[in-house]
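To start, the structure under review is shown below, and the notes come after it.
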Amino acid sequence: MKLNKKLGSALIILSIILVSLVSFVGIYVQNKANMEGLVEQYTLGSDLNGYVKVIFAVDDTVNTTYYDKDGNKVAEKTEDGTEKQVPVNPEENLTRENYLAARKIIEERLEQVRASDYILKQDEETGKIELYLPDDDYINLSVSAVYTTGKFTAEDDEGNVLLDSSDIKEARAMYERTETSIIPRLIITLNDEAEEKIKNINDNYLNAVEVDEEGNATTKSLSLKLDDTSLGTLSDAITNKTISIDQSINEAGYYAIFLNSKPLPVTYEVPTQTKYINSDITDEVIVTIGLAVAIIIIVALVLLIVKYKKNGLLASISYIGYVALLLLIIRYTQVPVSIEGAFGILINFVLNYIFLANLLKVMKEENAEIKVAYHKEILAMLWVLIPMIILGIIFALASWLTIYSFGSVIFWGILLMFAYHFAITRTLFICSTKKE
């Protein structure tokens with residue numbers, strides 16, 4: 001029995017040491033000439049990691065349109081034809097109202113592409129937009145959310161627009177099951193106002209059979225576009241007000257973002273320059289603060305050891321394991337750590353220390369067994385822990401990164417505190433103090 005107790009304690013302490021080494025030091029493997037870390041890195045918020053600044057100007061391009069002698073649009077200039085200068089943004093569209101409407105649409109798109117940690121500034125007189133974004137996996141999608149006008153059209157061979165963005169009720173990416181497979185598709189559902197247009201398209205295009213001079217039967221098709229990007233060809237009759245287009249699931253999801261929002265009332269240029277802006281909080285400042293926190297924790301744990309001897313040492317080991325495991329959870333759940341998130345981490349550290357200090361106090365002053373002391377201390381701290389975890393859940397559902405970061409860190413910290421101390425701390429003390 002005594003051997004089993006010692007083995008149990010040794011295994012728990014060894015596990016804590018291993019987790020701590022992984023969390024604080026990392027795991028590295030040789031990759032050619034470099035050492036590659038295998039442990040997930042922290043995801044830092046823009047207030048700690050810096051921003052990418054992207055400037056979008058209202059497009060002032062003027063295109064030349066060519067017409068033949070009969071007034072038909074042609075691709076190139078002809079000797080007896082005419083030409084017309086056509087601005088991308090007509091003068092009547094360049095208004096403050098349209099600029100503000102464009103900003104609202106862009107902000108809705110940014111929310112859909114998960115660009116929660118951004119700053120958008122707009123000159124209401126010129127429409128120019130400055131967008132500050134974190135340099136993460138969503139940056140290209142966020143940038144395209146601004147300069148993509150998002151005009152949907154269904155056109156015939158002569159360029160006549162038979163459907164446009166106003167006819168769309170909803171667009172979504174989904175998998176459709178066929179007789180032989182499951183195919184990813186972009187599904188566009190048209191609204192009730194498009195019924196007459198659908199009837200015209202079905203009767204005069206998709207269901208209309210023409211016979212050429214050689215007797216071959218053909219039907220017309222429509223070209224589906226988002227701005228100048230082809231979405232595919234519509235050749236089958238529209239049923240149930242639904243258009244189905246074969247796309248990869250990622251492309252379908254991307255196009256659905258723009259199809260579900262209104263087209264921009266003004267067109268922006270594709271940005272050609274970006275600028276990286278470093279955070280005011282440098283790496284040196286972060287390291288200095290981290291070292292200061294580590295020193296404070298070490299001093300506090302030494303005080304526990306001096307005051308409570310063996311139990312203080314066990315509590316200190318447990319504390320270090322909690323810190324190491326929490327930091328790993330934050331990394332692998334990819335919680336973006338902002339300044340507020342870092343503050344949430346410190347709150348978890350403090351609450352964890354208070355719990356262990358009070359647990360040791362109850363065990364010593366009341367000479368209580370670990371199970372009794374543990375349950376008494378958990379009950380005593382419920383009035384703090386339960387409101388904190390509820391607050392964490394509420395904040396974690398927010399789209400604003402600073403609030404989301406703080407809430408997520410608090411949620412994982414409190415949840416871990418309940419599970420970790422029941423499974424690890426409590427067991428460690430039982431194996432170390434239980435009599436035969």
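Once every DSSP H run of n ≥ 4 in the chain is given -39500 (n - 2.57) and the sum is divided by its residues, what mean residue ellipticity at 222 nm do you get, rounded to the nearest 500 deg cm²/dmol?
After summing the helix terms and dividing by residue count, I get -16000 deg cm²/dmol.
May I ask you to list the lysines whose Cα is less than 28 Å away from that of Lys84, ignoring any residue fewer than eight positions away on the same chain?
Result set, ordered by chain and number: Lys69, Lys73, Lys128, Lys151, Lys225.
So between Val22 and Val88, what do we pick up on full extension, going 0.36 nm a residue minus the alpha carbon distance? Please list the in-between numbers first.
Details: separation 66, 0.36 × 66 = 23.76 nm, distance 5.61 nm.
So the extension gain works out to 18.1 nm.
Modelling each spin label as a point 7 Å along the Cα-to-Cβ direction, I'd like the Glu107/Lys6 distance in nm, to one decimal.
6.7
Based only on other Cβ atoms within 10 Å, what is the fewest-to-most ordering of Asp135, Asp59? Walk me through the numbers before you get to the answer.
On the way: Asp135 13, Asp59 17.
The most exposed by this proxy come first: Asp135, Asp59.
With only alpha-carbon atoms counted, please give the Rg and Dmax of the stretch 151-209, in Å.
When restricted to the Cα atoms of the stretch 151-209, Rg and Dmax are 13.7, 36 Å.
For the residues Leu224, Leu327, what sequence is obtained by ranking on other C-beta atoms within 10 Å, fewest first?
In order of increasing Cβ crowding within 10 Å: Leu327, Leu224.
With the Cα gyration tensor of the stretch 318-423 in hand, give its eigenvalues times 5 under a square root as the equivalent ellipsoid semi-axes, listed largest first in whole angstrom.
Equivalent-ellipsoid dimensions as semi-axes: 28, 13, 10 Å.
Can you tell me the length gained on complete extension of the stretch Glu155 to Asn204, counting 0.36 nm per residue apart and subtracting the Cα distance?
Between Glu155 and Asn204, full extension yields 16.3 nm more.
Assigning unit charges at the beta carbon (Lys, Arg +1; Asp, Glu -1) and nothing else, what dipole magnitude in debye, to the nearest 20, does the chain show about its Cα centre?
4880
Taking a ≥ b ≥ c as the square roots of the eigenvalues of the Cα gyration tensor of the stretch 277-355, is the shape rounded (a/c under 1.5), prolate (a/b larger than b/c) or oblate?
Prolate.
Which FRET efficiency, nearest 0.05, do Lys128 and Val302 yield, Cβ-Cβ r, R0 45 Å?
Numbers: r = 57 Å, r/R0 = 1.27.
In this case the efficiency is close to 0.20.
Describe numerically, in nm with one decimal, the distance between label points set 7 Å from Cα along Cα→Cβ at Tyr66 and at Trp400.
Placing both labels 7 Å beyond Cα along the Cβ direction yields 5.6 nm.
Where in the stretch 39-68 does the amide nitrogen come within less than 20 Å of the point 7 Å from the Cα of Thr95, taken along Cα to Cβ?
Correct set: 58-60.
First check a/c for the chain, with a ≥ b ≥ c the square roots of the eigenvalues of its C-alpha gyration tensor; if it is under 1.5, answer rounded, and if not, answer prolate when a/b is larger than b/c or oblate otherwise. Present the calculation step by step, with values, prior to reporting the outcome.
On the way: a/c = 3.30, a/b = 2.41, b/c = 1.37.
In terms of gyration-tensor shape, prolate.
Would you please give the FRET efficiency between Glu79 and Asn31, computed as 1/(1 + (r/R0)^6) with r the Cβ-Cβ distance and R0 = 60 Å, to the nearest 0.05?
Between Glu79 and Asn31 the formula returns 0.40.
Would you mind ranking Tyr322, Tyr28 so that the residue whose beta carbon has the fewest other beta carbons within 10 Å leads the list?
If I rank by nearby Cβ atoms, fewest first, I get Tyr28, Tyr322.
Using the Kirkwood formula over every pair of different C-alpha atoms, what hydrodynamic radius in Å results for the stretch 47-277?
20.2
Have a look at the DSSP beta bridges in the chain and tell me what percent are antiparallel, nearest 5.
Restricted to the chain, the bridges split so that about 95 percent are antiparallel.
Of Ile257, Ser165, Pro90, whose Cα points farthest to the positive end of the dipole of the stretch 47-277 (charges on the beta-carbon: +1 Lys, Arg; -1 Asp, Glu; origin at the Cα centre)?
Selected residue: Ile257.
Taking 7 Å along the Cα-to-C-beta vector as the label spot, tell me the Thr233-Phe418 distance in nanometres, rounded to one decimal.
Taking the simple label geometry, Thr233 and Phe418 are separated by 5.9 nm.
Values in this text are rule-based calculations from the coordinates and carry no lab data. Note that the structure is a prediction, hence the values are computed from the model and not measured. Methodologically, a virtual Cβ is constructed for each residue, glycine included, from the backbone with ideal geometry; neighbour enumeration extends over all protein chains shown.
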